[in-house]
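Scroll down for the structure; my scribbles are underneath it.
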Amino acid sequence: QSVRVSATALIHYQRNRYSVPAELAHQVISLRVYPWELVLVAENEEVARHRRCFDRHQTIYEWQHYVGVLQRKPGALRNGAPFTEMPERLKTLQRYLLRHEGGDRVMAQVLAAVVSEGLEPVLVAVELALESGNISGEHVLNVLARLQSPLLPQAPVETSLTLAEEPQANVHRYDHLRSPVPEEVNDVQ
């Protein structure tokens, strides 16, 4: 059956509300009802799938449906009902980041990476950042980038060049840098 998506990206079915991606707000989409689940389809593509709720007056959120809203309104993260359903690792990061000024914007950037990179890699990056003790959004995104493109092992380079003289580890040549500056040089400056 056809259903209209509300301004808050929810559809109504049998006195319950189910979330859909926020980009579909105010649109009419198709609802396919099965005994144990609901499938929501827009333009012949599945956009959401929910376990069917037989209680009344319940709201079933999928927090990932609202990540796009955070790009425009990062403050929605503080009191947004959908974000109470996030995995515990993300909630821990959120609690830490929201203590600092601009933390909601940083957390919105981390959650935006879930859309582009997937949930599991972001969770791994968050866990590694939390374990390191260096908790920041930049660190999480850096770890995520390193996980997505690991360094390739360097193959030895074959060359016909040979060293005529082996380099010497001689740190004493830097001792002259520690010597006091002559008076003539100080007068020039």
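The values are calculated or read from the model by the stated rules, or taken from the named source; none is laboratory data. All values derive from a computational prediction rather than experimental measurement. Every residue, glycine among them, receives a Cβ derived from its backbone with ideal geometry; neighbour counts consider all protein chains shown. The accessibility values were calculated without ligands, DNA or RNA, using every heavy atom of the protein model including side chains. Shrake-Rupley method; radii C 1.70, N 1.55, O 1.52, S 1.80 Å.
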Can Q64 be described as under 26 Å from S19 (Cα atoms), touching a residue at least 24 places away in the same chain (Cβ under 8 Å), of a type in the set (S, T, N, Q) and buried (at least 16 other Cβ atoms within 10 Å of the Cβ)? yes
Checking R51, R72 in turn, the sole residue that is touching an Asp or Glu at 6+ places or on another chain (Cβ under 6 Å) and open to solvent by 70 Å² or more (accessible area, probe 1.4 Å) turns out to be R51
Quick check: is even one residue across region 11-20 among the hydrophobic types (A, V, I, L, M, F, W, C) and in contact (Cβ under 8 Å) with a residue 40 or more places away in the chain? yes
Among residues of region 95-119 being part of a helix (DSSP H, G or I) and more than 11 Å from the chain's Cα centre (by Cα), the residue surrounded by the most Cβ atoms within 10 Å (Cβ to Cβ) is L97
Could you tell me whether A42 is hydrophobic (A, V, I, L, M, F, W, C), in the same structural domain as V20 (by the TED database), touching a residue at least 24 places away in the same chain (Cβ under 8 Å) and under 19 Å from V115 (Cα atoms)? no
Some residue of region 27-36 being of a type in the set (G, A, S), assigned to a helix (DSSP H, G or I) and either open to solvent by less than 20 Å² (accessible area, probe 1.4 Å) or not assigned by the TED database to the domain that holds L111 (or both): no
Restricting region 77-94 to residues that are open to solvent by less than 40 Å² (accessible area, probe 1.4 Å) and in a helix (DSSP H, G or I), which is nearest to R17 (Cα to Cα)? P82
Does R78 satisfy being in contact (Cβ under 8 Å) with a residue 40 or more places away in the chain and in the same structural domain as V114 (by the TED database)? no
